[in-house]
Every structure is written in C-alpha cells, then in structure tokens.
Amino acid sequence: MVHHHRSHQLRKGEEVGDDDEESQTLVLESGNTGYYKRTRPKLLPLLLLFSLVSCSLIMALYHFCYSSTLSLLYSFQVENESWIIDREATSPFCSSISNGSICCDRSSFRSDICVMRGNVRTHSGSSSIFLYSSENNGFIKYVSTFSQEGLEEEEDELQHEKIKPYTRKWETSIMDTIDELDLIAKKGNLRTQHPCEVRHSVPAIFFSTGGYTGNVYHEFNDGVLPLYITSQHLNKKVVFVMLEYHQWWITKYGDILSQLSDYSPIDFNQDQRTHCFPEAIVGLKIHDELTVDSSLMQGNKSITDFRNLLNQAYWSRIRGLIQDEEREAQLKLKERLSLSPSPSPLPLPLPLPVPVPLEEEEEQWKKPKLVILSRNGSRAITNEDEIVQLGEEIGFQVEVFRPDRTTELAKIYRVLNSSDVMVGVHGAAMTHFLFMKPGTVFIQVIPLGTDWAALTYYGEPAMKLVLKYMGYKILPRESSLYSKYDKDDPVLSDPHSVTAKGWQFTKKVYLDGQNVGLDLRRFGKRLVRAYDYSISKRNQLYRQQPQ
C-alpha cells in the first residue's frame with residue numbers, strides 16, 4: 001500500500017517581472033510558454049519615442065509575426081490582458097518547438113515536463129540548465145539599440161522556467177523533498193559562458209530518483225515506467241541525467257536502463273562538468289498506475305511492449321544464473337564422488353541422469369506452477385503452510401517465494417515469468433505482476449480496508465497487461481483484526497468509514513496492524529478456478545502448435 005493524497009492541483013507558470021505602480025514595458029519574447037519580461041524606462045521622452053517607433057515597426061512586421069510562431073506583443077499599461085499563445089506548444093513533447101526555445105507542458109496533475117532545444121548546457125553548481133543562443137531576432141536587437149541610448153540595460157535572460165522533475169506533482173509533501181531545476185534561455189557569447197567540457201551528440205532526459213524511491217511500487221510507477229514512456233521514441237539514443245542519484249538504484253535497474261539507453265547515466269549533483277546537449281527533456285511523462293497508454297505512445301507502444309523489454313533486459317542474466325547453477329551442481333557431484341570410498345584407482349565417470357518414467361514426466365508437465373509471494377510482518381498469511389498443502393492437493397506445483405529488498409530483480413523475474421499463478425497479499429510487492437506472462441493468473445488477497453487501492457494500483461493494471469486477475473476480498477473473520485475489535489465496530493463492519501478518516505489512520509489499522517488467515521474452503525474455490533483456467537490455457541496453446 002502506498003501513500004496517496006490527490007489534490008489534483010495544477011502548478012501555474014510564474015510571471016517574471018517587477019510589480020510597480022509606474023508604467024512598464026511588457027515584452028512577450030520568443031518561446032512557446034508565453035514568457036513575460038518587464039522593463040521600466042528612466043526618461044519619459046524616450047518612452048514616448050519608443051512607443052512611436054514600436055508602433056511603426058509592429059505595423060511593418062505584422063505579416064511576418066502573423067505567419068511565424070513568434071508572438072511579439074507589447075503594452076505600456078497591463079491590466080487583465082488576455083494573450084493568445086501558440087497552442088502548438090501543448091502538443092506532445094512540444095514537437096513544434098524551434099531551436100533556442102523552451103517549451104513546458106504543465107497541464108497534467110501528475111507531472112510537469114519541459115523541452116529545451118538548441119545549445120543546452122548544464123551547471124550543477126546552481127542547479128541550472130542553460131539554453132544559449134548567439135543569434136538575436138530583429139526585435140531583440142531593436143530593444144538593445146534603445147538600451148544603448150539610455151534605457152535600462154536589458155538582461156541577457158530570455159526565458160526562465162522552474163521544474164521539479166518527479167511524477168507526483170500533486171503531493172506537496174513529497175515534492176518539497178525534490179530538487180528544483182532552473183531552466184534558463186540566454187543570449188550571450190558562447191565562447192565565454194559555461195564552455196563545454198563534455199559534448200554529447202544525443203538528447204538528455206533529466207529526472208529525479210528521490211521521493212518515494214526505496215519502495216518497489218514507486219520505483220516502477222514513478223520512475224522506471226515513466227522513463228520508458230518518455231524515452232522510447234529516442235531508440236536508446238539518449239543520456240539519462242539523474243538528480244538525487246543513488247548507486248544502488250543504478251545497480252538494481254541497470255538491466256532495464258541498458259535497454260533504454262546506449263550511454264552511461266550521469267549524476268547531475270556530483271558531476272560538476274559542463275555537459276552540452278542538442279536537446280533536453282526535463283521531467284518524465286506518466287500515464288496511469290503501472291501502465292502505458294498506447295494512444296499516447298509513438299508506434300502505439302503498450303504495457304505489453306514494456307513487459308517484452310523486461311524480458312530482453314533479464315534474459316541474459318537469467319541464462320547466466322542457470323549456467324551458474326549447473327556448474328555448482330556438477331561441482332557438488334564431483335565432491336560427493338571424490339569423498340566416496342572406491343576400490344578402483346580410476347576416477348568414476350559422472351552418472352547419466354536417471355530417465356523419468358513417461359507417465360511421471362507427463363504428470364509433472366501438466367502441473368501448473370503456483371507461486372505464493374510470501375510476506376513477513378504485517379499482512380502475512382498466517383496459515384501459509386495449509387495454503388501450500390491445499391495448492392498441491394488441487395494439482396499445483398507450489399513454490400513459496402520470499403524476496404526482500406536485496407533480492408536481485410532478475411531472480412524475481414525468473415520465478416514469476418515461469419509461473420502460471422501468483423498469489424500475494426495487497427502491498428508494494430504486488431508490483432511484480434509486471435514480471436508475469438500475459439495470460440497467466442494473478443490472485444491478490446485483499447485485506448480489510450484496502451479494496452479501492454488493491455483494484456486501482458494492481459488489479460486494473462494487471463488486467464491491462466492481459467493477466468487473468470482474481471481479487472480475493474477477505475471476510476472480517478479472516479482478518480487478525482477480528483479478535484481485536486467487536487464485530488459491530490466500524491473497523492470490521494464499515495472499513496470505508498474508517499479509511500475516510502485519512503491515510504495515517506488507514507496505515508496504522510489496516511496496513512501495519514493486520515494479518516490474514518484464509519478460509520481454506522472459500523479460498524480453495526479460487527485456487528480451483530485458477531487451476532482450471534491454467535490447464536485450459538495450456539491445452540489451448542498446445543492445440544495451436546504445428547503438429
């Protein structure tokens with residue numbers, strides 16, 4: 001179970017400038033986000049002259065401005081003005097953005113994302129990413145001319161955006177812990193300002209591995225899947241630049257990263273060198289809980305494509321694990337034979353494998369594999385041994401699997417990828433349904449007070465992966481809370497009214513304080529359904545094979 005408070009509030013772009021009662025000059029400069037900059041003239045005559053020349057210039061340039069994506073608007077007094085901004089800026093990944101521009105999409109309640117195109121340079125010391133332009137358009141040159149004649153000198157900053165590149169934008173408490181980046185478009189001498197120390201020929205994606213990192217649900221939902229969604233169209237020609245970099249995260253997800261990028265990731269905070277890129281995507285796109293919306297993806301990529309990528313990422317490592325196990329088995333056999341007394345001085349040959357009777361081999365092949373994802377501590381299955389025995393009586397080959405924080409993901413993938421049915425109690429470990437083959441069965445045990453979260457965060461996403469989802473909602477008597485509370489207590493009789501009191505109360509009562517003892521007769525019916533479905537699926541695949 002994870003922490004979710006959704007205020008669904010959108011961050012609004014900040015207007016940059018001095019608030020003053022005096023008249024101000026407003027310039028909407030180049031850039032797709034409608035960035036405003038104000039300057040205040042020192043002399044009234046020069047201001048009037050500026051007005052007259054501006055009007056003449058705007059009339060002369062009207063046709064040019066209308067046909068371009070650059071909006072050049074000005075005013076001496078700004079009160080409740082409504083500006084028309086190029087709507088192409090809100091298209092996916094700001095596809096129409098021109099060189100030297102910053103485009104930000106802040107329309108999603110989940111995350112902000114900005115695109116910088118042109119001469120992009122990092123400056124980790126100030127948590128900034130600069131976009132430099134050596135070419136000024138005619139309007140900027142015009143303003144600079146008047147500056148030389150007495151107007152206040154224009155700053156070289158053309159556009160300034162702020163962004164926290166993490167995908168839980170609506171959660172203020174966690175976003176307060178995420179490092180913020182300044183995205184600054186400037187004009188200046190490229191030879192003297194932040195000279196490149198490392199040049200890259202491919203784009204960069206900047207994102208944070210902070211926040212809820214450490215919880216496998218959040219690591220996939222808020223990090224790995226959004227990274228796939230954001231980078232897939234770049235075909236591995238991208239460099240990942242990470243804020244709040246964790247070496248253990250790189251080790252844990254390195255196999256997946258290698259499928260998304262051909263380049264080593266960069267630790268933004270520790271790498272003080274100036275890295276230069278032709279383009280930067282700052283922030284990650286996220287679609288929904290543990291899924292990929294194919295309608296929003298280039299080439300209609302789906303969660304199944306992500307699942308196939310996991311297969312490519314882990315298969316090489318799994319093959320190595322199998323070879324290691326085979327070598328270890330051979331060594332143990334040699335050691336056992338060397339310790340056995342033998343009258344013969346010659347070494348004994350390794351015994352041939354004992355052939356398995358055909359009937360026994362067929363029986364083993366027919367047995368579907370049931371994996372019980374076991375929990376320690378809260379929300380454990382207290383009668384797990386009885387469930388194992390029940391599964392074997394029904395006809396399953398049963399494996400109890402107890403991964404922990406240090407378990408290599410390739411090993412978890414290997415176990416679940418070879419399973420026909422997975423059983424587990426609602427919690428972050430259910431994220432591993434992503435490792436199951438489409439068409440297999442996922443049984444999620446739903447403790448009291450977790451109905452909505454169990455379906456939303458794991459049940460519905462599992463169905464999108466084309467798994468056969470079977471939620472098992474426990475009865476009050478199957479909960480350890482049954483012995484702690486009166487049967488008429490709302491904790492047992494009306495969990496919804498209890499969860500409505502807030503996250504902390506829900507966590508204390510239902511997540512941290514509850515175990516489950518499954519009714520064997522009732523849960524057995526669910527296992528029989530899963531068994532019959534698995535056998536039917538296997539027979540269907542067998543009939544489809546060429547004879």
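The values are calculated or read from the model by the stated rules, or taken from the named source; none is laboratory data. Keep in mind the model is a prediction, meaning the values are calculated, not measured. Don't worry about glycine lacking a Cβ; one is built from the backbone with ideal geometry, like all the others, and counts go over all protein chains shown. Remember, those area values only see protein heavy atoms, side chains included, never the ligands or the DNA or RNA. Shrake-Rupley method; radii C 1.70, N 1.55, O 1.52, S 1.80 Å.
Annotation: amide H of residue 241 within the under-5 Å range of 205, 206, 207, 266, sequence separation 5 or more or interchain, hydrogens built in the peptide plane. The stretch 239-307 and the stretch 440-469 have their alpha-carbon centroids 27 Å apart. The H on the amide N of residue 182, modeled in the peptide plane, is under 5 Å from the matching H of 128, 129, each at least 5 residues off or on a different chain. Which FRET efficiency value, to the nearest 0.05, do you get for residue 407 and residue 271 by plugging their Cβ-Cβ distance into 1/(1 + (r/R0)^6) with R0 = 35 Å? The formula returns an efficiency of 0.70 here. Applying 0.36 nm per residue to the separation of residue 197 and residue 544 and subtracting their alpha-carbon distance, the gain on full extension is 119.1 nm. Based on the Kirkwood approach, the hydrodynamic radius assigned to the stretch 369-544 is 16.8 Å, with every pair of different Cα atoms included. Subtracting the Cα-Cα distance of residue 485 and residue 248 from their residue separation scaled by 0.36 nm leaves 81.1 nm.
Taking all protein chains together and a 1.4 Å probe, the residues 186, 301, 464 rank 464, 301, 186 from largest to smallest accessible area. Placing a pseudo-label 7 Å from each Cα along the Cα-to-Cβ vector at residue 236 and residue 503 gives an inter-label distance of 3.8 nm. Derived scalar couplings between HN and Hα for the stretch 313-329 equal 5, 9, 5, 4, 5, 5, 4, x, 4, 5, 5, 4, 5, 5, 5, 5, 5 Hz in order, rounded to whole Hz, by the Karplus curve 6.51 cos²θ - 1.76 cosθ + 1.60 (θ = phi - 60°), x for Gly and Pro.
Proximity of backbone amide H atoms, modeled 1.01 Å from N, is registered between residue 158 and 185, 186, 187 at under 5 Å, excluding neighbours fewer than 5 places apart on the same chain. Derived scalar couplings between HN and Hα for the stretch 376-383 equal 10, x, 5, 6, 7, 8, 6, 10 Hz in order, rounded to whole Hz, by the Karplus curve 6.51 cos²θ - 1.76 cosθ + 1.60 (θ = phi - 60°), x for Gly and Pro. Ranked by the mean number of other Cβ atoms within 10 Å of their residues, highest first, the peptides 369-379, 241-251 fall in the order 369-379, 241-251. If you take every DSSP beta bridge whose two residues both sit in the stretch 369-544, what share of them, in percent to the nearest 5, is antiparallel? Taking every DSSP beta bridge with both residues in the stretch 369-544, the antiparallel ones total about 5 percent. Once both labels are positioned 7 Å from their Cα atoms along Cα-to-Cβ, the gap between residue 324 and residue 298 label points is 3.6 nm. Here the label points at residue 366 and residue 334, each 7 Å from Cα along the C-beta direction, are separated by 4.1 nm in the simple model. Here the scattering of the stretch 161-303 is modelled by Debye summation over its C-alpha atoms, one equal scatterer each and no solvent; at q = 0.12 Å⁻¹ the log10 of I(q)/I(0) is -0.50.
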